[in-house]
């Protein structure tokens, strides 16, 4: 049960590999934690439970086997089990769901490095067949309780053992709750499927539960049944549909205000790829992953974009002609692949923990590196950005609402400056911006629209194409949007279904356009 539960928890942990098990060109960096004289992995670590864990030297001194090979297999297994215990502690700590502290990352790395060093040394001195047998040997130790008992007896204090057993109990309770929820959900789906089969007029979809309300809103905005009943939404699209990103994805809401869409590339191959919150830097030396968050600030007819990358931020400027000017030679920190991690994945039957299958797995392994790259001086737009995983959903919505420009180009959104966030007016108008477009809400009507951001050097304006009657909004220094007049919102409301076809009724509302402020949580 321990291994099964840990695997379940691992699904939700960050998947980006940060631990180097180099198999070829480059030796991974040595761990930075400093062992204590009494054999602990470190002192002053946070959370405190880390301070009770053994150092690599302690494991290699106290864990011994029947011969040299058995000793190494046991030691590698212990290092892997200790990493698993850290992962288990992270997974059961509700105060910081599935987020490791820097010290937990460091200690996990120290154990990974120790296991890699022992196994790599064995591989260099033995045949491929012997290395495979060695991997199977420490894998068997990792899957039994006997090795856990030896760890508890030889390497941990009584309080540390008690804390780990409490983690196991928490994990078991979480797994039971998870399985119970799946059973309840399955029964609910069965009931809904039966109701749907007996509901030719769509009354089930017309209910007020959150799922039905979201699907209905998606359909009313122009999405197809396949798109609205499926799972192809981006975070931005969920926000436009009124779904709480933080609840759904476990992430903080996107920032509000100006953002950049699409990518910009230099003649040397450097590419800055912008998304809602971050910019990825590609083509910088051997780095496979680099970048950071960014800010956008108007300056005359230009925009100053500060990229918050490591080891220090840098600035690029987006000109009125639609291209960027970069800073030139710049230090960029990112990840570089230093090798591969090879291991065997076994599938076990939960009832008796017997192995029922196995396969070899290979993962790339990364380490931090700083490269000096030339960003600019000229970075040209790569053109309109694709709408991503949601394929045609967003622009289909806009086209369905009568937006001819969306009909002409239904798979992309414009490059350049865009808007993000939800803004509300005291008169009842709400506008939710995403990179792909905007959604207007006025009373019971809602409609998808496209927009452009304009900058004449004295002010920044957002112009929403509201079916022939544009909505003009000025971006103010405090981040609010200022408009004037009355705007009409022409939408449709779902009334039911006629066989497999959704039926609608048109709805027309009007709202004043005044001062729109960032919507609260």
| request: Filter the stretch 54-73 down to the residues that are touching a residue at least 60 places away in the same chain (Cβ under 8 Å) and touching a helix residue (DSSP H, G or I) at 6+ places or on another chain (Cβ under 6 Å), then identify the one that is nearest to residue 167 (Cα to Cα). | output: 59
| message | One residue is enough: does the stretch 129-141 have a residue meeting the conditions outside any helix (DSSP H, G or I) and touching a strand residue (DSSP E or B) at 6+ places or on another chain (Cβ under 7 Å)? | response | no
| note | Within the stretch 489-506, the count of residues that are in contact with a helix residue (DSSP H, G or I) (Cβ under 9 Å, 6 or more places away or on another chain), over 14 Å from residue 224 (Cβ atoms) and loosely packed, with under 13 Cβ neighbours inside 10 Å comes to 0
| request: Would you check if residue 486 is farther than 30 Å from residue 299 by Cβ and either at pLDDT below 95 or assigned by TED's automatic domain parsing to the domain that holds residue 222 (or both)? | output: yes
| What's the number of the condition residue 3 fails, among (1) under 24 Å from residue 145 (Cβ atoms); (2) modelled with pLDDT under 95; (3) exposed (fewer than 14 other Cβ atoms within 10 Å of the Cβ)? | (3)
| Any residue at all in the stretch 159-172 that is part of a helix (DSSP H, G or I), in contact with a helix residue (DSSP H, G or I) (Cβ under 7 Å, 6 or more places away or on another chain) and under 18 Å from residue 64 (Cα atoms)? | no
| Which numbered condition trips up residue 484, out of (1) surrounded by fewer than 16 Cβ atoms within 10 Å (Cβ to Cβ); (2) not in a loop (DSSP other than H, G, I, E, B)? | (2)
| remark: For the stretch 6-37, the count of residues that are at pLDDT 50 or above and closer than 27 Å to residue 168 by Cα equals 2
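The values are calculated or read from the model by the stated rules, or taken from the named source; none is laboratory data. Keep in mind it's a predicted model, so treat the numbers as computed, not measured. Cβ atoms come from the backbone with ideal geometry, glycine included; neighbour counts cover every protein chain shown.
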